[in-house]
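Student: My structure is below; once you've seen it, I'll send some questions.
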Amino acid sequence: MKILVTGGTNGMGKGVAKVLASLDNQEHEVIILCRSHELGEATIREFEADTKNMKTSFLICDLTKFRDVKKVITEIQSKHHYLDGIFINAGIGYAAKRIETEDGMDAHFQVNYLSQFMLTLNLLNLLEKSEMGGRIVFNVTERGEIFWDDMQMKNKWGFEDGIHQAMVAKRMFLQKLHRLYQNNHKVKVSFVGFQIHEVVWTNQINLVPKYMKIMATLMKFLGKFITTEKCGEIMAPLFCENQEKSMERSGKFISWRKNSFITLKEDEKVVDRELQDRLWDMSLELCGDHKTSQIAQSLSA
Ligand SMILES: NC(=O)c1ccc[n+]([C@@H]2O[C@H](COP(=O)([O-])OP(=O)(O)OC[C@H]3O[C@@H](n4cnc5c(N)ncnc54)[C@H](OP(=O)(O)O)[C@@H]3O)[C@@H](O)[C@H]2O)c1
């Protein structure tokens with residue numbers, strides 16, 4: 001399998017990428033998307049040393065910038081003729097204040113959702129060419145609401161609201177993609193939302209204020225966290241399983257309990273088709289990219 005992981009230099013993305021690189025006699029090719037050249041290089045060296053898989057690589061893309069997203073799309077399209085899987089994972093967690101990107105977006109909204117919306121639509125053609133059955137796994141959690149009148153959170157901002165708005169947007173996006181592929185498309189691609197069942201001990205711990213770090217450390221001793229490697233072990237099968245199994249999960253919101261995947265009940269607002277369409281249209285408008293809009297139009301035709 002050839003799998004692209006966004007945010008593969010730390011946390012859940014790194015855990016999944018590393019486990020994938022180690023599986024099945026190191027046969028999987030893993031490409032990580034990251035914003036730092038040094039960190040990208042160090043991560044690949046670590047993967048090579050620890051897994052002996054020499055088919056891992058990195059691509060640079062700062063998701064706060066649409067120009068970077070467009071550049072990396074061109075790079076991926078020129079280097080790769082197909083992809084079997086994508087893990088839509090990269091995300092900002094804690095932030096002390098609202099950050100506005102050069103594209104005029106709230107950083108949580110753009111990094112965690114909108115840039116990856118653009119990336120996803122522009123890579124669907126590569127997933128359609130997968131002989132193993134293309135699939136996208138979205139890293140999501142169950143809470144969240146869309147602030148329809150203040151999506152960029154200029155009037156009222158909070159980092160948790162920002163995280164959760166992006167989560168619910170990703171869940172609506174995957175539902176819409178599932179619907180489009182199920183109804184109109186001859187080629188099968190699956191779209192799965194996965195929520196990790198426990199909190200993962202990630203790089204976030206190094207970024208949060210001291211009091212939160214102390215609380216997290218206490219919780220760690222109480223066994224409230226799992227490692228990124230454990231998270232990778234749980235999630236990796238979603239990228240390697242056969243197409244039939246992956247298609248059965250398409251459009252579902254799943255998690256992990258008692259050593260198996262379970263389906264969670266999706267929120268009424270997330271499955272509301274009118275709201276999904278509204279978000280889709282607004283997202284395309286915010287991307288302001290002719291090619292992305294053309295792809296969206298051809299999917300809906
Ligand atoms: N930790 C949990 O328990 C948990 C549970 C459920 C869901 N999540 C979600 O999982 C996702 C990953 O979080 P995590 O906990 O694994 O955090 P993390 O350790 O901080 O990893 C986040 C990853 O996203 C990348 N990233 C951040 N901003 C970026 C940007 N502008 N451009 C490109 N890449 C960027 C980071 O790159 P750098 O390495 O350069 O920082 C890193 O690789 C988030 O959406 C989070 O909300 C986390």
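Student: What pairs come out if I take residues in region 39-67 that are assigned to a helix (DSSP H, G or I) and pair them with residues that are among the hydroxyl-bearing types (Ser, Thr, Tyr) and away from the ligand (no atom under 11 Å from the Cβ) whose C-beta lies under 6 Å away, six or more apart or interchain?
Tutor: Ile44/Thr56; Phe47/Thr56; Thr51/Ser22
Student: Given (1) in contact (Cβ under 8 Å) with a residue 60 or more places away in the chain; (2) surrounded by fewer than 24 Cβ atoms within 10 Å (Cβ to Cβ); (3) of a type in the set (Ser, Thr, Tyr), where does Thr120 come up short, assuming only one miss?
Tutor: Of (1) in contact (Cβ under 8 Å) with a residue 60 or more places away in the chain; (2) surrounded by fewer than 24 Cβ atoms within 10 Å (Cβ to Cβ); (3) of a type in the set (Ser, Thr, Tyr), only one is false for Thr120: (1).
Student: To continue, here is another question. I need the full set of residues from region 264-301 which are free of Cβ contacts under 8 Å to residues at least 12 places away in the same chain and not in a loop (DSSP other than H, G, I, E, B), in order please.
Tutor: Glu268, Glu274, Asp281, Glu285, His290, Ser293, Gln294, Gln297, Ser298
Student: Okay, next question. For region 155-194, name all the residues that are within 16 Å of the ligand (Cβ to nearest atom), of a type in the set (A, V, I, L, M, F, W, C) and not in a helix (DSSP H, G or I).
Tutor: Once the filter is applied, which keeps residues that are within 16 Å of the ligand (Cβ to nearest atom), of a type in the set (A, V, I, L, M, F, W, C) and not in a helix (DSSP H, G or I), region 155-194 yields Val192, Phe194.
Student: Quick check on region 190-234: of everything there that is of a type in the set (Phe, Trp, Tyr) and in contact (Cβ under 8 Å) with a residue 40 or more places away in the chain, which residue is surrounded by the most Cβ atoms within 10 Å (Cβ to Cβ)?
Tutor: Phe191
Student: Any residue in region 261-269 that is crowded, with 16+ Cβ neighbours inside 10 Å, away from the ligand (no atom under 16 Å from the Cβ) and within 30 Å of Trp148 (Cβ to Cβ)?
Tutor: Yes: region 261-269 contains one or more residues that are crowded, with 16+ Cβ neighbours inside 10 Å, away from the ligand (no atom under 16 Å from the Cβ) and within 30 Å of Trp148 (Cβ to Cβ).
Student: Got at least one residue in region 199-212 being under 29 Å from Gly134 (Cβ atoms) and among the basic types (Lys, Arg)?
Tutor: No: zero hits.
Student: A further question on this structure: Look at region 199-248 and say how many of its residues are acidic (Asp, Glu) and at pLDDT below 95.
Tutor: Residues flagged as acidic (Asp, Glu) and at pLDDT below 95 within region 199-248 amount to 0.
Student: Of the conditions (1) in contact (Cβ under 8 Å) with a residue 60 or more places away in the chain; (2) in contact with a helix residue (DSSP H, G or I) (Cβ under 9 Å, 6 or more places away or on another chain); (3) under 30 Å from Glu248 (Cα atoms); (4) buried (at least 18 other Cβ atoms within 10 Å of the Cβ), Glu145 clears all except one; give me its number.
Tutor: (4)
Student: For Arg98, all conditions in the list (1) more than 19 Å from Leu275 (Cα to Cα); (2) at pLDDT below 95 hold save one; what is the number of the exception?
Tutor: (2)
Student: Test Ile73 against the stated conditions and say whether it is in a helix (DSSP H, G or I) and surrounded by 15 or more Cβ atoms within 10 Å (Cβ to Cβ).
Tutor: Yes; evaluated as a whole, the condition is true for this residue.
Student: I'd like the full set of residues that are closer than 13 Å to Met118 by Cβ, more than 9 Å from the ligand (Cβ to nearest atom) and among the aliphatic types (A, V, I, L, M), limited to region 55-76.
Tutor: Val69, Val72, Ile73, Ile76 - these are the residues of region 55-76 that are closer than 13 Å to Met118 by Cβ, more than 9 Å from the ligand (Cβ to nearest atom) and among the aliphatic types (A, V, I, L, M).
Student: From the set of residues in region 196-244 that are touching a helix residue (DSSP H, G or I) at 6+ places or on another chain (Cβ under 9 Å) and polar (S, T, N, Q), which is farthest from Asn139 (Cα to Cα)?
Tutor: Filtering region 196-244 for residues that are touching a helix residue (DSSP H, G or I) at 6+ places or on another chain (Cβ under 9 Å) and polar (S, T, N, Q), the one farthest from Asn139 (Cα to Cα) comes out as Thr217.
Student: Which ones in region 246-260 are under 20 Å from the mean Cα position of the chain (by Cα) and either without any contact (Cβ under 8 Å) to a residue 24 or more places away in the chain or outside any strand (DSSP E or B) (or both)?
Tutor: Residues satisfying the conditions are Ser246, Met247, Glu248, Arg249, Ser250, Gly251, Lys252.
The values are calculated or read from the model by the stated rules, or taken from the named source; none is laboratory data. These figures come from a predicted structure and were not determined experimentally. Neighbour counts run over all protein chains shown; Cβ positions are idealised from the backbone, glycine included.
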